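Asker: Right, I'll just put the structure down here and ask away after.
The values are calculated or read from the model by the stated rules, or taken from the named source; none is laboratory data. Since this is a predicted model, take the numbers as computed values, not measurements. Note: ideal-geometry Cβ built from the backbone for every residue, glycine included; neighbour counts use all protein chains shown. All accessible areas refer to the heavy atoms of the entire protein, side chains included, with ligands and DNA or RNA removed. Shrake-Rupley method; radii C 1.70, N 1.55, O 1.52, S 1.80 Å.
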Amino acid sequence: MTFGEQPAYLRVAGDLRQKIVDGSLPPHTRLPSQARIREEYGVSDTVALEARKVLMAEGLVEGRSGSGTYVRERPVPRRVARSGYRPTKGASPFRQEQAEEAARGTWESRSEQEEATAEIAKRLGIRPGDRVMRTRYVFRDAGEQMMLSTSWEPLSVTGRTPVMLPEEGPLGGCGVVERMGAIDVVVDNVVEEVGARPGLAEELLALGGVPGHVVLVIERTYYASGLAVETADVVVPADRYRIAYHLPVK
């Protein structure tokens, strides 16, 4: 193979991908069989199989037991808008994760105490094994699972206070900024890092994805005078949503 030349399976996958994108192979159409690909492109069974695997890994096609491989419906990505850390006073957890004024949805949450792992301890500036409150969320929009979030708060900050449980008590569900303010901890900064990775099996199960799908991960940490008071991983399916930031110019 000369420099810059694609392997045969990628050339075949690229041609089939283009047919899916331009509508020559519309959603729910059966993908050409391995034998048909072999004959049409003049390639081996191995190349035909690898090309199909590429399209499946990209989420463009899906296998149906006993029926074959079909083109998947391509969702139109929707926006998850984010614009900073000061939501409207008393905003719901769903509203805190989406900055759009019209954002509405439902959520479920569960909080448990645990020991901080090395990674979470580093993000919070505490020691591995220190106690934290972990809260897991599932967010839904029009009944569809659209976002997962797991947050960790150091109990050295919130322990034995009215805001120890993020979704219970007088300020349950009011958000990190308002809850911390109630115990005289003033949040003055937030850092978000966005990355992408293959979704974990349990994440894709919760979000209705298929193995191999990519998720966007927002690693968020709230600070009060340099002290980390909450860190969270927000997970969004990359094929259905885009992260949009609205950053004010000062």
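Asker: Under 7 Å between Cβ atoms, which residue pairs at least 6 apart in sequence (or on different chains) link something in the stretch 1-15 that is closer than 12 Å to Ala48 by Cα and open to solvent by 40 Å² or more (accessible area, probe 1.4 Å) with a partner that is at pLDDT 75 or above and among the small types (Gly, Ala, Ser)?
Answerer: Once the first residue is closer than 12 Å to Ala48 by Cα and open to solvent by 40 Å² or more (accessible area, probe 1.4 Å) and sits in the stretch 1-15, its partners that are at pLDDT 75 or above and among the small types (Gly, Ala, Ser) give Tyr9/Ala51.
Asker: Does the stretch 36-51 contain any residue that is touching a strand residue (DSSP E or B) at 6+ places or on another chain (Cβ under 7 Å), closer than 22 Å to Val210 by Cβ and at pLDDT below 95?
Answerer: Initially, the stretch 36-51 is screened for residues touching a strand residue (DSSP E or B) at 6+ places or on another chain (Cβ under 7 Å), giving none.
Checked the stretch 36-51: no residue is touching a strand residue (DSSP E or B) at 6+ places or on another chain (Cβ under 7 Å), closer than 22 Å to Val210 by Cβ and at pLDDT below 95.
Asker: Going through the stretch 138-161 one residue at a time, which ones are open to solvent by 10 Å² or more (accessible area, probe 1.4 Å), under 25 Å from Val214 (Cβ atoms) and over 12 Å from the mean Cα position of the chain (by Cα)? First the steps, then the outcome.
Answerer: Our first condition is that a residue be open to solvent by 10 Å² or more (accessible area, probe 1.4 Å); within the stretch 138-161, this holds for 138, 140-145, 148, 150, 152, 155-157, 159-161.
Checking the rest, the ones that are also under 25 Å from Val214 (Cβ atoms) come to 138, 140-145, 148, 150, 152.
Those that are open to solvent by 10 Å² or more (accessible area, probe 1.4 Å), under 25 Å from Val214 (Cβ atoms) and over 12 Å from the mean Cα position of the chain (by Cα): Arg140, Asp141, Ala142, Gly143, Glu144, Trp152.
Asker: Which condition number does Gly209 fail, the rest of (1) modelled with pLDDT under 90; (2) loosely packed, with under 14 Cβ neighbours inside 10 Å being met?
Answerer: Condition not satisfied by Gly209: (2).
Asker: Please find, among Val177, Val190, the residue that is open to solvent by less than 40 Å² (accessible area, probe 1.4 Å), in a strand (DSSP E or B) and either farther than 21 Å from Gln113 by Cα or not hydroxyl-bearing (Ser, Thr, Tyr) (or both).
Answerer: Val190 is the lone residue from the list that is open to solvent by less than 40 Å² (accessible area, probe 1.4 Å), in a strand (DSSP E or B) and either farther than 21 Å from Gln113 by Cα or not hydroxyl-bearing (Ser, Thr, Tyr) (or both).
Asker: Which condition number does Thr135 fail, the rest of (1) of a type in the set (S, T, N, Q); (2) in contact with a helix residue (DSSP H, G or I) (Cβ under 9 Å, 6 or more places away or on another chain); (3) open to solvent by less than 30 Å² (accessible area, probe 1.4 Å) being met?
Answerer: Thr135 satisfies every listed condition except (2).
Asker: Being aliphatic (A, V, I, L, M) and closer than 20 Å to Arg82 by Cα is the filter here; which residues of the stretch 111-159 pass it?
Answerer: Selection gives Val138, Ala142, Met146, Met147, Leu148.
Asker: While we're here: Which of the residues spanning the stretch 214-231 are assigned to a strand (DSSP E or B), within 13 Å of Val187 (Cβ to Cβ) and not charged (D, E, K, R)?
Answerer: Initially, the stretch 214-231 is screened for residues assigned to a strand (DSSP E or B), giving 214-224, 227-231.
Narrowing the set further to residues that are within 13 Å of Val187 (Cβ to Cβ) leaves 220-224, 227-231.
Result: Thr221, Tyr222, Tyr223, Ala224, Leu227, Ala228, Val229, Thr231.
Asker: Could I ask something else about it? Mind listing just one residue for me: the one in the stretch 232-250 that is part of a strand (DSSP E or B) and of a type in the set (D, E, K, R) and, of those, most open to solvent (accessible area, probe 1.4 Å)?
Answerer: So the first thing to find is which residues in the stretch 232-250 are part of a strand (DSSP E or B), and the list is 232-237, 241-245.
If we keep only those that are of a type in the set (D, E, K, R) as well, we get 233, 242.
Details: Asp233: 38, Arg242: 120 Å².
Checked the stretch 232-250; the qualifying residue most open to solvent (accessible area, probe 1.4 Å) is Arg242.
Asker: Which residue is most open to solvent (accessible area, probe 1.4 Å), if the candidates are limited to the stretch 39-73 and must be touching a residue at least 60 places away in the same chain (Cβ under 8 Å) and touching a Ser or Thr at 6+ places or on another chain (Cβ under 9 Å)?
Answerer: So the residue we want is Met56.
Asker: From the list Gly199, Gly212, which one is in contact (Cβ under 8 Å) with a residue 40 or more places away in the chain and either over 23 Å from Pro166 (Cβ atoms) or of a type in the set (S, T, N, Q) (or both)?
Answerer: Values: Gly199 fails: in contact (Cβ under 8 Å) with a residue 40 or more places away in the chain.
Of Gly199, Gly212, the one residue that is in contact (Cβ under 8 Å) with a residue 40 or more places away in the chain and either over 23 Å from Pro166 (Cβ atoms) or of a type in the set (S, T, N, Q) (or both) is Gly212.
Asker: Another question, if that's okay. For residues that are within 19 Å of the chain's Cα centre (by Cα) and aromatic (Phe, Trp, Tyr), scanning just the stretch 223-245, find the one that is nearest to Asp130 (Cα to Cα). Outline the logic, then answer.
Answerer: Taking the stretch 223-245 as the starting set, the residues that turn out to be within 19 Å of the chain's Cα centre (by Cα) are 230-245.
Narrowing further to those that are aromatic (Phe, Trp, Tyr): 241, 245.
Numbers: Tyr241: 35, Tyr245: 33 Å.
Of everything passing the filter in the stretch 223-245, Tyr245 is nearest to Asp130 (Cα to Cα).
Asker: Further, regarding this structure: Can you tell me which residue in the stretch 162-192 is farthest from Ile218 (Cα to Cα), limited to those that are under 23 Å from the mean Cα position of the chain (by Cα) and among the small types (Gly, Ala, Ser)?
Answerer: Initially, the stretch 162-192 is screened for residues under 23 Å from the mean Cα position of the chain (by Cα), giving 166-167, 173-177, 189-192.
Checking which are among the small types (Gly, Ala, Ser) leaves us with 173, 175.
Numbers: Gly173: 20, Gly175: 17 Å.
Only one residue tops the list, namely Gly173.
Asker: I'd like the full set of residues that are more than 27 Å from Arg131 (Cα to Cα) and open to solvent by 10 Å² or more (accessible area, probe 1.4 Å), limited to the stretch 212-222. Please lay out each step first, then the result.
Answerer: Filtering the stretch 212-222 down to residues more than 27 Å from Arg131 (Cα to Cα) leaves 212-216.
Selection gives Gly212, His213, Val214, Leu216.
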